[in-house]
1. Using the structure shown, decide if ARG681 is surrounded by 23 or more Cβ atoms within 10 Å (Cβ to Cβ), over 24 Å from PRO585 (Cα atoms) and basic (Lys, Arg).
2. List the number of the failed condition for PRO179; all other conditions in (1) assigned to a loop (DSSP other than H, G, I, E, B); (2) within 16 Å of ligand 1 (Cβ to nearest atom); (3) of a type outside the set (Ser, Thr, Tyr) hold.
3. Answer with yes or no whether GLU944 is at pLDDT 80 or above, in a loop (DSSP other than H, G, I, E, B) and open to solvent by 10 Å² or more (accessible area, probe 1.4 Å).
4. Name the residues in segment 182-204 that are more than 16 Å from ligand 1 (Cβ to nearest atom) and either farther than 28 Å from VAL674 by Cβ or among the polar types (S, T, N, Q) (or both), would you?
5. Pairs only if they're at least six apart or on different chains, beta carbon under 8 angstrom, first in segment 120-147 and over 18 Å from VAL199 (Cβ atoms) and outside any loop (DSSP other than H, G, I, E, B), second modelled with pLDDT of 80 or more and acidic (Asp, Glu); list them, first residue then second.
6. So GLU224 ticks every box in (1) within 16 Å of ligand 1 (Cβ to nearest atom); (2) open to solvent by 10 Å² or more (accessible area, probe 1.4 Å); (3) within 24 Å of ILE669 (Cβ to Cβ) but one. Which box is left unticked?
7. I want to confirm something. Restricting to segment 639-674 and keeping residues that are touching a Pro at 6+ places or on another chain (Cβ under 9 Å) and open to solvent by less than 10 Å² (accessible area, probe 1.4 Å), which single residue is modelled with the highest pLDDT?
Amino acid sequence: MAAPSNSRFPKRTTAADLFEAHPFAKVYTPDEDAKPQIPEPEDEPAPDYPRLDEVPLHNDHLNPTCVTPFIAELAAPYFADLEVAGMRLPKGLDGPYERKLLHSPVYKHFLQDLLDAHHRYKLSTVDWKNCVAVRASGRRSRQELYKQVKIEDKMVQVGDIVIIARGSSIPNTPAAPLPKNIKDHPGAHAGNLFWFAKVLSIRREDNTFHGQWFEHGSQTVLEELAHPQELFLTNLCDDIKLSAILSHCICRRLPPGERPRPQKVEDETKFFYSLMYDRKYGAFMDIDDKQSSVDEFLTCTLCKARNAEKSKPELIRIRDRRRLLEGFSYLGEDFHYADGVMISSETGLCLIGQILGLPKGRCTGDFWITVRLFGRMTKRMDLDRADGVGLYEDRRLFLSDVYLDVCSTEIVGKCYILPESPEMQLKTWVQSSPTHFYFSHFSKTLEYKNGSSPLIPHSDDHEFILCGYCMEREQTHAGELKNFIDRLSEEPLRVFDPFAGVGAFALSMCGNGSFKFTHACEIDVSAARTIKKNSPDTVVYNQCSNLLLKAATLNGPGKHLTGDLEDLESLDPSLREEGPLPPLPTPDQIDCIVSGFPCQPHSSMNMYAKSRDRQNELFLNTISWVDLMKPKYCIFENVKGFIRYRLGATQDGPHRVAEGTPLGGLKLIMRALVSMGYQARFGLLQAACYGTPQSRVRFFLIAAKSGHRLPNFPKPTHEFTPNNEKQKNSNSICFPIAGSITAIEIKSGFAPMPGNTIKDAIEDLRRFDWKNPHKVYSRQESPGDPPERRGVIKVKCNSETATCCGPSLRHGYYEHPAYTAFQAFCRSRDAADVQHITLCFDDATVERAVNISLAARADYHTLLLKNMAKLLDQYQMIDPTSANARHGFKAGMYGRLGEHEIFYTIVTNIRPTAKQSWVMNPWDHRIYSVRELARAQGFPDHFEFVTDDDQSVTKDNLNILSMHRGIGNAVPWPVGDALSKELIGALFMEKEGANLQTILDRHDRDWLEVHASARSNL
Ligand SMILES: [Zn+2]
Ligand SMILES: [Zn+2]
């Protein structure tokens, strides 16, 4: 790579000079960061998702983005040259009805009338004559509530939707005055000026009504992309003065997915609604018709639910005489004597205990309980066990004699702990919930390392009892869930991925048989072959998704391709003999669309952001498949940069994109889904929270067809401790109007299971070093390794003779049996070839790499400390004018993370010179092998990466870059697994007939209070 310095050219500053002169020489100490530390990738560490750019450019990449007519209609103002399902977008399409609406004279007149009513400042006459009171029940029984009242000669009735002037949404801040004349506010619409509420009851006492708020679409995460006439019901309610009513709102409830069909001009002043909006999560959900907002006495059930949540969670003593249970109710759960409890801790993982002391006396506010603690068994403590591998050691505890007084504020939730017994179905038990634990041993203290309190097998002497009632109920539930999954496996949910990559997203969901990856579309030959290899039953279309969608709409799904697309064949020449592409799936063959559509231009690392880049548009193709197939569920994944993608942006200089609609790509997807009759939620998830040994924040979106229960995002199951505030908040998405959306809050000390470190993930794979080529420094000059490393296999790494290298088969793939649950999962099935191989490099790179210190956090700075500056003669590392110099010679190149850390975000560029690369193996003189990278993403070892090499090439010439690409672009296996479990959980609850709206969690209360008080402030 770097040319050695040449005397014919003027002398360049050498690394040695820099070592003297540059401050980093003093600052840097190699051991400084040896302590475990969670890596903090600056944003995205390297150009991410070069899914298409590295692929040899097929002409097909230039195919116009194909969309369905409905998606074309929504996207028309922002995208110029979409191909509409077989036809061209009609020229001069002036946008659909809804965009013209805001400029219609009738609509403007309607707004002006409302403004006039607001500015008239005349007290309305309220007439209670002939209005009959309904006596409210309960606490408010003295109050009389009315079903109707006459205001200004117009009847207002319970169930009516009314329009009132907008107030302030910010507490203690007066609302901005409404304009007098609508002409002064071109483009203003009803959502900017007014609020909407449904009348639940009317109170004569103070001339108010109790109302349930609607949110106008423009105030939701859809913002400017909302249908101007669409309202969303919320769970919020208020007492509102009758005098605030400006007018009735003509608003119809439509079935989800149906849009109004305006016939007359008056229709422009009407509204519609079909979904609920959850402002905290920016989620759209079905309206639960089983739950009514008011009871027969007009008492508000929303208030009731909120009050139950609102009061500081207090101790409610429960004494069930029939079952002889004693305990308390907290956080919506009943805790009894001898129940398992999770307790927050300062150290990352939650503590686990058993309640053996209930609160005494009367308690208001915080109270105390006494618990007996369990210790956590680790695999390493357990190596001498006869059965060798403790498969579920992350759920395995030991009983102790340590007691702790715990304050109620420290209670995280309930958990279930069983003593291990021969008859228990351990696998079913631990897999049915992350809060299921078991134990087999006892130790007096939690300090198991201390020889004075050895671990001994548990016996009756240790006086363990459990709450039989809860345990029986939980075991029944686990059994029912298992039966449900077994039944589901007979007819699994069929998954289609139109941008499948190597298929990791869909395949990671298929773990327990509830999902089946039936159809995949993937343009890249290597990736398509990889899917076929690992999932032979999947129908793989190795073609451009745009052409396939076009074919599907032209010929109808389920038919072989005909017409001008009959030439469409697999891009993989080896598949062409198999004849034409198989028929495309019909909508009734697909239950679920998952996709991490390509999105290179959205990555924050991409300097060359183009406002009009066809690769920008592939999300439109993805949602067009949803439009065509109408699956029950969709899950989309993308880089965090996708949320920064603006719609209708213009190129502002070579590296900048300006203006446009912020978060436009996301809003357009949400708008399309809502208008197609889907419920949807989205958020940023940290993969480490689900047991991935890697810090990786990605955007996810889940949608469920109306009528099905919308799954939540999975709660974190594994410990992940954010380094700092920035990392803590790295999973929030900020909207200009709709506010900040955080789907999953990352809190340390709450996770039931320990996180997986690099060591936990890859320690069992065969150790090997690259052989030092000794091209720059001779054998005598290079310091050798410590004696204990002398047995490590050395392999030749030379890019001139091979593309990859690794230990030969006779060495075996593994160093020892699986030591952790993570390793055991990866090795659950035999693998034909573990692909424990690395990319090969030139001699200079290899020599640099093998000379990096083995200490944690060592990197290219080592070479200076070792006085091997000659090796660093590479532009970006020593040149004082380079970007590297400008950034203060940042750490990372040739970097080695410590074994107790977790991987940085795995990207597609796995080279020691990549910016912030940290790709050196923690113990060996080499970069990570393909298998180690795959482990970092949670792939099982039997998952084999196939490449597009000519079959005749030797095994030394595999296309490792293509393997890196497949791995770096994948959805981490544990995340796919966690999402699938959440989806199955939603299906299970749907079957059980549970209510749709989940109770607002306790953290929601603050927002509700602020918002409600602000809104009452009218
Ligand atoms: Zn209420
Ligand atoms: Zn209990």
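The values are calculated or read from the model by the stated rules, or taken from the named source; none is laboratory data. Just so we're clear, the structure is a prediction, and the values are computed from it rather than from any experiment. Neighbour counts run over all protein chains shown; Cβ positions are idealised from the backbone, glycine included. Calculation scope for accessible area: heavy atoms of the full protein, side chains included, ligands and nucleic acids excluded. Shrake-Rupley method; radii C 1.70, N 1.55, O 1.52, S 1.80 Å.
1. Details: surrounded by 23 or more Cβ atoms within 10 Å (Cβ to Cβ): yes; over 24 Å from PRO585 (Cα atoms): yes; basic (Lys, Arg): yes.
When the stated conditions are applied, ARG681 passes them.
2. (2)
3. yes
4. Once the filter is applied, which keeps residues that are more than 16 Å from ligand 1 (Cβ to nearest atom) and either farther than 28 Å from VAL674 by Cβ or among the polar types (S, T, N, Q) (or both), segment 182-204 yields LYS183, ASP184, ASN192, ARG204.
5. ARG135/GLU144
6. Answer for GLU224: the failing condition is (1).
7. Going through the qualifying residues, I end up with VAL674.
Listed here are the residues, each with its yes/no results for (1) more than 23 Å from TRP918 (Cα to Cα); (2) at pLDDT 90 or above; (3) open to solvent by 10 Å² or more (accessible area, probe 1.4 Å).
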{"residue": "ARG790", "(1), (2), (3)": "yes, no, yes"}
{"residue": "CYS804", "(1), (2), (3)": "no, yes, no"}
{"residue": "ARG810", "(1), (2), (3)": "yes, no, yes"}
{"residue": "PRO817", "(1), (2), (3)": "yes, no, yes"}
{"residue": "GLN823", "(1), (2), (3)": "no, yes, no"}
{"residue": "ASP833", "(1), (2), (3)": "yes, no, yes"}
{"residue": "LEU839", "(1), (2), (3)": "no, yes, yes"}
{"residue": "ILE852", "(1), (2), (3)": "no, yes, no"}
{"residue": "ALA856", "(1), (2), (3)": "no, yes, yes"}
